[in-house]
1. Tell me, W196, W349 in order of fewest to most beta-carbon neighbours within 10 Å?
2. Using amide H atoms built in the peptide plane, which far-off residues or other-chain residues are under 5 Å from F347 H to H?
3. By what distance, in whole Å, do the Cα atoms of the range 198-353 stretch along each of the three principal axes, largest value first?
4. Using only the Cα atoms of the range 464-548, build the gyration tensor, take square roots of its eigenvalues as a ≥ b ≥ c, and label the shape rounded, prolate or oblate: rounded if a/c is under 1.5, else prolate if a/b is larger than b/c, else oblate.
5. Of M237, M136, how do they rank once you tally other Cβ atoms within 10 Å and put the fewest first?
6. Filter K86/K377; K233/K466; K84/K533; K236/K466; K236/K459 down to the pairs with a C-alpha to C-alpha distance above 32 Å, please.
7. For the chain, what Kirkwood radius comes out of the mean inverse Cα-Cα distance, in Å?
8. Which of E303, E531, E467 has the fewest other C-beta atoms within 10 Å, and how do the rest follow up to the most?
Amino acid sequence: MIQKFFNSQTKSISSASLILAISYLGSAFLGLIRDRLLAGTFGAGGELDVYYTAFTVPDFIALILIFGAISAAVIPIFSSYLVKNKDEAWRYASLLFNVFLGCLIVVCLILLVFTPAIISLIAPGFSGEKKELAVMLMRIMFLSPIILGASNMISGILQVFHRFLVTAMAPLLYNLGIIIGIIFFVPKFGLSGLAWGVVLGGVLHLAVQLPAFFFSGFKYKASFDYKDEGVVKTMKMMVPRSLGLGAGQLNTIATTAIASTLMSGSIAVFNLANNLSSILVNAVAVSVSTASFPSMSMAFLNEEKDEFLRKFSGIFRQIIFLVIPLSLLLLILRAQIVRVVLGAGRFDWADTKLTTACLGILALNLVAQALILFLSKTFYAAHNTKIPAIISGLTVAFNIILSLLLVWLVRFFPEFNFFLQSVLRLGGVANIGVIALALAYTITAVLECALLMYMFSRKFSNLNSKEIYDSLYKILIASLVMVVVTFIVRQLLGSIVSLQAFWGIFFQLIVSGSVGVATYAIVTHLLKSPESKILVDSLLKKFLYPTK
């Protein structure tokens, strides 16, 4: 039975997307519990600033050395080997593990020595005990990219074999490890318990996938031939992708650096709001693009250009069908979401208002963020990693400049400060500099998405855009109806239930959100939206008629 679970395969993109989406939603639910525990235990203050700062560089290392290789190179190259010879494919995988994990270990050991200097660079506003805590946590977290590096390489290869079920379990266990750290490690070890929880999450992320990896046929070989043709090709393909990902992570590092110079808690507020908004991107865009990437890579490899573009159009429409209404629901119900998820313990009213305002701004970029993920992976499937890398690098520079400009305007132009406070209902909240960072982040995401879409349309001019425009028209009509109905229900419930109690807010959120989703589903069905039919058929096939 255990072997059957680890060997289970998912053939269709819709089924794989559904499995991954459910997994990401489960992981998101655990992520909400994690963030509620963090907010309730520490509040939006200096301790959480330290925690989120300590994450930045280990994440950066993992992204540029491992995740770039998986997305841009490992899956398509491993697939090409697999088509020719399975033994050669596994030899390539073994070589890759040795080379990349060896590099990761060396890099992390070097950075371990220079951690104090790194903290001074990325968090110039930290000093004294705050800086010492950040150094300690970051040093512990340098274990994370090594463990997650191995685990994510395994995930990429398992996805080639369509073993999405077991890879879908890994993110759940990662968040579970962090929750264990908050509940059990923090009371015993203090703030360092958070870092050890992250390490535990990485171990669980790896452990759940190892049996399926070995069942798939992997046999380890102690070879370190970095000049091997496959390894060299991987490096060439991953460099632009890694630069692009690294540029994206530089956004986070730059935001952290600027936020560290603002009032204490700014880093925590931005990260908590960003975590709440990114749940939608992870549940939809990551799952759909991850599930579709192997088949799109194979279609391009086999020179089936029409099939490649057909898949692109279908997946693009699925993403906007799901993300547009969800982002609007997040915007309308942002205050309820923040109060339900984070409003506990040391997370006070000022923290709530500021996080709500940031969440509202970040909700406006969710469609762009989702499409950036998908468009980038589409370029990688087409063996083009340069375009996303160049665009990402340019937009990072734009984001840094815009962030500094907006923070300066908030600080030195009372009119701009008053305008933001009035629009976002932040009267009495002093620490609004972080709002400028959220605003810059949103504007940058929209710009990056537009540039990627423009370059894709130039490179693939025979794309059937009419299909996309027809779907978008129906999606926007249904979303508008949903917004009106949800707003009315929210206001009616607000006059009936007590909004001073947790259960009153929770009831308002659940009922308003459910009515909004139901309204959208009904209107898209009445408009005969093809995406609605595909989603319903996929759900029926998966749960009601699994043998058909």
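1. Details: W196 22, W349 11.
Least to most surrounded, the residues fall as W349, W196.
2. Under 5 Å from the amide H of F347 lie the amide H atoms of G43, each far enough along the sequence or on another chain.
3. 57, 40, 33 Å, listed from the longest principal axis down.
4. Working: a/c = 3.83, a/b = 1.64, b/c = 2.33.
Oblate, since a/c reaches 1.5 and b/c is not below a/b.
5. Values: M237 22, M136 18.
Ascending Cβ contact count within 10 Å gives the list M136, M237.
6. On the way: K86/K377 25 Å; K233/K466 37 Å; K84/K533 38 Å; K236/K466 36 Å; K236/K459 21 Å.
Those over the limit are K233/K466; K84/K533; K236/K466.
7. On the way: mean 1/r = 0.0413 Å⁻¹.
Kirkwood hydrodynamic radius for the chain: 24.2 Å.
8. Working: E303 8, E531 18, E467 15.
Ordered by Cβ neighbours within 10 Å, fewest first: E303, E467, E531.
Each reported figure results from applying straightforward, stated rules to the coordinates on display, with no laboratory input. Everything numeric in this text was worked out from a predicted model, so none of it was measured. Virtual Cβ from ideal backbone geometry, glycine too; neighbours counted across all protein chains shown.
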